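A quick write-up on the structure given underneath.
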Amino acid sequence: MLTTLLAVIAVAAASAPSARLVAGPNLSDWSGGSADTSLDTPTIRWSHADAHTLRLSSPPADWDTHNAIRIRLRNEVAVDGAMMLIVASENPATEGMDYWMSRIRLDIAGWREIVLPRLTMGPAREPLGWDRIGDVYFTAAGWGNTPSPNAVVHLERMELVDMPEEHGPRMTDDELLGALDLDHPGLEAVRAAFGRGDIATSRAALAAYLRERTSVPWRFDPRDTNRDISHNVESAEETLRGRVRVSSIWHEFPDGKIDWFYNPTIVRDDLPRNHEWLWQLGRMGFWSNLGRTYWATGDERYAQAFVDQLRGWVRQCPRTHDSGNYANSVWRTIECGIRMGGPWPDAYHRFLASPSFTDDDIVLYLKSCLEQAQHLREHPTSGNWLTMEMSGLYAVGALFPELRQADEFRTYAIDRIHEELGVQFLPDGAQVELTPGYHQVALSNILKIAEFARIVGRVDELPADFVAMTEGAFDFNLHLMTPDRDLPRFNDSWNTNVPRTMRQAAELFPERAEFAWAADDEGQGSAPAETSHLFPYAGYAAMRSGWERGANYLAFDFGTLGYGHVHQDKLNVVVWAYGRPILFDGGGGNYESSPYRRYDVDTFAHNTGLVDGQPQRRPTNDRWANVSREPIDARWESTPDFDFAAGVYDEGYGETDDRKATHVRRVLFVKPDLFVIADTFTPNDDLAHTYQIRWHVDSTEWREGDRDGVRARCTADEGSPNLAIVPVDTDGLVVTGHSAVTEPEPLGWWVQRDGNHRPATTELHTRTGEGRQSFLTVLYPMPAGADALPAVRRVGPGALSVEFPDGRAAAVSVDADPGRPLTPVGKGNH
């Protein structure tokens, strides 16, 4: 099988000079195994049932003399498992172990030679250097692996070798041609030439067939002569000279030649470390505009740039023997899926008629597509990654039905995603990662499969309910939508253009008038009958005064962490005041290693509570345990006059097992413009604790207000809606505001994905004491131009009176018992 051929990747290394032996079959070289002479050559026998680790006794310190590790081993029996190679180089400046790693699957029996280029080995933390190696071992436990009692590995030798800098693709011409269904109509010339052993003619016939075929359409016709298309010449010129913007950071490669393993955030001291830069470089997002500019101008320089970059990537980036899902890898499955599902086939069809895109390049392209599809088929993951992997896998099977595995690729992708539709999306429509951003990623990639099936005429192979099962995911977008037609940035999230997503929903579900309304931004259809909405599985409550863009809105997160991209932010709320996002959740920023990133994913950067200065700590190791399969009780009540919800946090602060206190948050929205939030902390001991509620506000302009003895702080942004924050019970309460602070912790920042963090304000409400401690806060949205504050007064221990500037009045029952609801007096059924 091709899998075996890909795993046995010693061809290039076999001819490399000066291989350096690290260890052979000498028992003195290893611990954890036994000497074995039962095979044709002596080996170290390692039974995983007897020992989970096989360790080099005295590894050499300097491995920097060569650029790859070669291992010759024999697996007695194929098992569903893997082992890790760990090469450690401890860095005293970091906490935890510093090492490089590679995962070696054990699903193939027999002898193998595995070559691991150092560039493809994933680093953990900050290993000191390849010339300072301190520990080397194989392990069958940890890193997601469970030792198989049936696994027995024989190790003959471990060597250091030199690999050529460019040695891809792994696939040979014979392997590619053998992977084709040569009985496919149109491949007669390929079959004839291959049958007589004429590889050169076979390649030429295959390229000619692919260039001329019309049986497999794409989003656009590569032969279309009407090429009036949007494009950016300036951006294409940047790509031409090797200047690319990746993850908001520009870099220009010398002589225009991209080094696909380069990461400026690792090299430059002025940038925070970010593995995403290298990964996203390999998604080739800049190929889209390059192709469109070529179409619009016919300038062959752009076609040649694409060809040079394609050749460079394939040659520099041979397929890894494992999943590649680690740092510094160009073969992560997510990137393979993204490449195959968009940038690569789009570019292929843009440049197919170009003379610069030669027959050799077309064959090279097909080889890499097949390698990447096989990689996706063999290493599927989960969550939003799986949706990208499967959309890419399906695309290869749909665009190249000439491949013997094409049917398998499509069928596997359809079956996995059809199953995932019932796994990844909860009954309330939320995707299991509980991040509105990745909700869109998963949804759009699932629907890519339906799109590709429609384009190539294979809709009949989809299950009848394939598209129908996505309806709830669009309902999620609709009912969580904010007044400015975005979504709250819970967990790792970013801006979402909801009307754009709903245009697809309206096309797929034309009977849904609410989808048409949201797609056209109020132009047609009709708004949902309900304004506020509970998501009992996600643990969200959306409270709104109406569906207009100038509405008041609060979203409350009382749910579980979620499957991935999680923040420690339970009981977080966000507020839109008359359409303006003002009490915010930043969404996590960029995936960099920096104080801002660490701050923005933690409790410190969310509108919730801390205990003794410590953030929430929910365990993250069991991802599915952080997804609720049952409705979460929020004590939800929604009427035309008010909404109420409550949530509880009773897990750790600082450490997962340090359950200092239980935090109950009750949220009442008296429509259309009064939010009352009651926070109650009940300690689990008799000690005094310090409790803090944080409010993160998108403003640096503030004014103090005082009405009837109740002080308030109010944003003061002229010409915009504002927000008043009114703490009610102020005895013993310390109120401070902080903007653009960096030490000792970031405070007063809206962390941005592009690194240009925006000054904001963090309001801290802090109190210390023994026993139960409570906070009662009124959030009052103010329309643009308004400056009068409401009068907020306690009326006895259990009630609150609010007099609005326009003469309205409200009374709220505020029971001190956190198990009781907050209720507008005379308007509840409690």
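Results, tabulated for the structure shown:
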| read-out | value |
| --- | --- |
| Hits in segment 371-398 - residues which are aliphatic (A, V, I, L, M) and open to solvent by 10 Å² or more (accessible area, probe 1.4 Å) | 388 |
| Only one of 713, 665 that is open to solvent by 40 Å² or more (accessible area, probe 1.4 Å), in a strand (DSSP E or B), within 25 Å of residue 789 (Cα to Cα) and touching a residue at least 12 places away in the same chain (Cβ under 8 Å) | 713 |
| Near pairs, Cβ below 9 angstrom, 6+ apart or cross-chain, from segment 312-333 (free of Cβ contacts under 8 Å to residues at least 60 places away in the same chain and under 23 Å from residue 143 (Cβ atoms)) to any residue that is among the acidic types (Asp, Glu) and not in a loop (DSSP other than H, G, I, E, B) | 333/389 |
| Test: residue 107 is within 17 Å of residue 66 (Cα to Cα), in a loop (DSSP other than H, G, I, E, B) and open to solvent by 20 Å² or more (accessible area, probe 1.4 Å) | no |
| Verdict on residue 130 being part of a loop (DSSP other than H, G, I, E, B), open to solvent by 20 Å² or more (accessible area, probe 1.4 Å) and of a type in the set (A, V, I, L, M, F, W, C) | yes |
| Some residue of segment 367-384 being more than 24 Å from the chain's Cα centre (by Cα) and not in a helix (DSSP H, G or I) | no |
| Elements of type helices (runs of 4 or more DSSP H) in segment 166-271, at least 1 residues being surrounded by 19 or more Cβ atoms within 10 Å (Cβ to Cβ) and modelled with pLDDT under 95 | 264-267 |
| Pick from segment 98-152, criterion under 25 Å from the mean Cα position of the chain (by Cα) and of a type in the set (Asp, Glu), ranking: farthest from residue 48 (Cα to Cα) | 126 |
| Residues that are modelled with pLDDT under 90 and open to solvent by less than 10 Å² (accessible area, probe 1.4 Å), drawn from segment 85-103 | 102 |
| Number of the condition not met by residue 34 [criteria: (1) open to solvent by 10 Å² or more (accessible area, probe 1.4 Å); (2) under 27 Å from residue 125 (Cα atoms); (3) modelled with pLDDT of 95 or more] | (2) |
| The listed residue being open to solvent by 50 Å² or more (accessible area, probe 1.4 Å), modelled with pLDDT of 95 or more and out of contact with any Phe, Trp or Tyr (no Cβ under 7 Å at 6 or more places or on another chain), out of 532, 638 | 638 |
| Members of segment 716-738 found to be open to solvent by less than 50 Å² (accessible area, probe 1.4 Å), part of a loop (DSSP other than H, G, I, E, B) and either free of Cβ contacts under 8 Å to residues at least 24 places away in the same chain or within 24 Å of residue 587 (Cβ to Cβ) (or both), listed by number | 716, 717, 720, 721 |
| Residues (of a type outside the set (Ser, Thr, Tyr), part of a loop (DSSP other than H, G, I, E, B) and either closer than 20 Å to residue 101 by Cα or open to solvent by less than 10 Å² (accessible area, probe 1.4 Å) (or both)) located in segment 139-159 | 140, 141, 143, 144, 147, 151 |
| Among (1) open to solvent by 30 Å² or more (accessible area, probe 1.4 Å); (2) at positive phi - the single one residue 748 does not satisfy | (1) |
| Test for residue 589: is it open to solvent by less than 10 Å² (accessible area, probe 1.4 Å) and at positive phi | yes |
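The values are calculated or read from the model by the stated rules, or taken from the named source; none is laboratory data. Because the structure is a prediction, the values reported are computed rather than measured. FYI the Cβ positions are ideal-geometry reconstructions off the backbone, even for glycines, and counts take in every protein chain you see. Note: accessible area is taken over every heavy atom of the protein model, side chains too, but ligands, DNA and RNA are not part of it. Shrake-Rupley method; radii C 1.70, N 1.55, O 1.52, S 1.80 Å.
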